[in-house]
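Here's the structure, in C-alpha cells; my notes come after.
The values are calculated or read from the model by the stated rules, or taken from the named source; none is laboratory data. Keep in mind that this is a model prediction, so the values were computed, not measured. All Cβ positions, even for glycine, are placed from backbone atoms using ideal geometry, and neighbour counts span all protein chains on display. Surface areas here come from the heavy atoms of the whole protein model, side chains and all, with no ligands, DNA or RNA. Shrake-Rupley method; radii C 1.70, N 1.55, O 1.52, S 1.80 Å.
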Amino acid sequence: FPWAVAHWIPGDTADRTGYDLDHAATTLLAFWRGLHQPAPEDAPGNPVRSVPLSERLLRFGEHMVDLDHPRSGDIVNELAQLAAVPVPHRPKVWCHGDLHPRNIVVSDRRIVGVIDWGDLHGGDPVVDYAAAWMMLPGKQLERVRRELHADDDTWQRARGWALVFGALLMRIGSQDENPEFFRAGSLTVDRAMSWTTD
C-alpha cells in the first residue's frame, strides 16, 4: 500500500479540545493564503471535493434522510439553492480538500498543524473555506470573510460546502457512534443554516 512518514505534531484535534477563536481565525487565514496558490495544469483533481455542489445534492439528500434530521427538507432545499450559485471560471489552486476539526491539530488552545492530506488537489478554494463554518462562530466568521475579500457568491458556495461537510460528519458520527464527529457536524449545519448576509 502507498505510505509516508510524516512529522509528528503534538496536540489534540480541534473537535476534542477548546481553542482560541481569534487565533484560529488568524491561523486559518494564513493557512489558506499559503496553500491556495496556482496549481499546475497536471495537478490531480478530486472527483468528490472538486465538483460543483449540484453533483453532491443526491448524496447529500440521502445523508439527511439517514440522519432523520428534523429540518432535513429545509436543509436539502437550502443546499439546492446554494448549488445554483454561479461558479466563476478561475484558475485552479491547491486545496486541502478535507479540512475539518478532526484534521486540525490544537495545542495550548492554538492551531499548530493540519493533517490528512490525502485529498490534496487542484480546485476551487471554497471547499477549504467551509472549515470556517466548522471552526468559528459569527464574529470570527465575518472577520474571515472580510479579510478574504470573499464576494457573496464565493461565501455562499463555501456555506454550501459547509452543509455538505456538516452532514457527512454527522453521518459518520452516528454510524461510528463518535460523539465528537456528530457534534462538530451538527454545529456546522446549524451555523450554515442560520447565517445571513444582513
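So which residues in region 50-72 are within 30 Å of PRO91 (Cβ to Cβ), at pLDDT 85 or above and touching a helix residue (DSSP H, G or I) at 6+ places or on another chain (Cβ under 8 Å), if there are any at all?
PRO52, LEU53, SER54, ARG56, LEU57, PHE60
More than 15 Å from LEU35 (Cβ to Cβ) and either aromatic (Phe, Trp, Tyr) or modelled with pLDDT under 95 (or both), is that true of PRO86?
Yes.
For the structure I just gave you, tell me whether LEU169 is open to solvent by less than 40 Å² (accessible area, probe 1.4 Å) and either free of Cβ contacts under 8 Å to residues at least 40 places away in the same chain or part of a helix (DSSP H, G or I) (or both).
yes
Just to be sure before I move on: is ARG145 surrounded by fewer than 24 Cβ atoms within 10 Å (Cβ to Cβ), of a type outside the set (A, V, I, L, M) and under 19 Å from ASP20 (Cα atoms) in the structure I sent? Before you say what the answer is, go through the steps one by one.
Values: surrounded by fewer than 24 Cβ atoms within 10 Å (Cβ to Cβ): yes; of a type outside the set (A, V, I, L, M): yes; under 19 Å from ASP20 (Cα atoms): yes.
Criteria met by ARG145.
Any idea which residue in region 40-49 is farthest from ALA131 (Cα to Cα), counting only those that are open to solvent by less than 40 Å² (accessible area, probe 1.4 Å) and within 17 Å of the chain's Cα centre (by Cα)?
If we take residues in region 40-49 being open to solvent by less than 40 Å² (accessible area, probe 1.4 Å) and within 17 Å of the chain's Cα centre (by Cα), then ASN46 is farthest from ALA131 (Cα to Cα).
Is it true that ALA131 is on the phi < 0 side of the Ramachandran plot and touching a residue at least 24 places away in the same chain (Cβ under 8 Å)?
Here the answer is yes, as ALA131 does meet what is asked.
Scan region 15-27 and tell me whether some residue there is open to solvent by 40 Å² or more (accessible area, probe 1.4 Å), polar (S, T, N, Q) and in a helix (DSSP H, G or I).
Yes, that holds for at least one residue.
I'd like to verify a number: residues in region 100-152 that are part of a loop (DSSP other than H, G, I, E, B), of a type in the set (D, E, K, R) and closer than 24 Å to PRO40 by Cβ, how many?
The number of residues fulfilling the criteria is 3.
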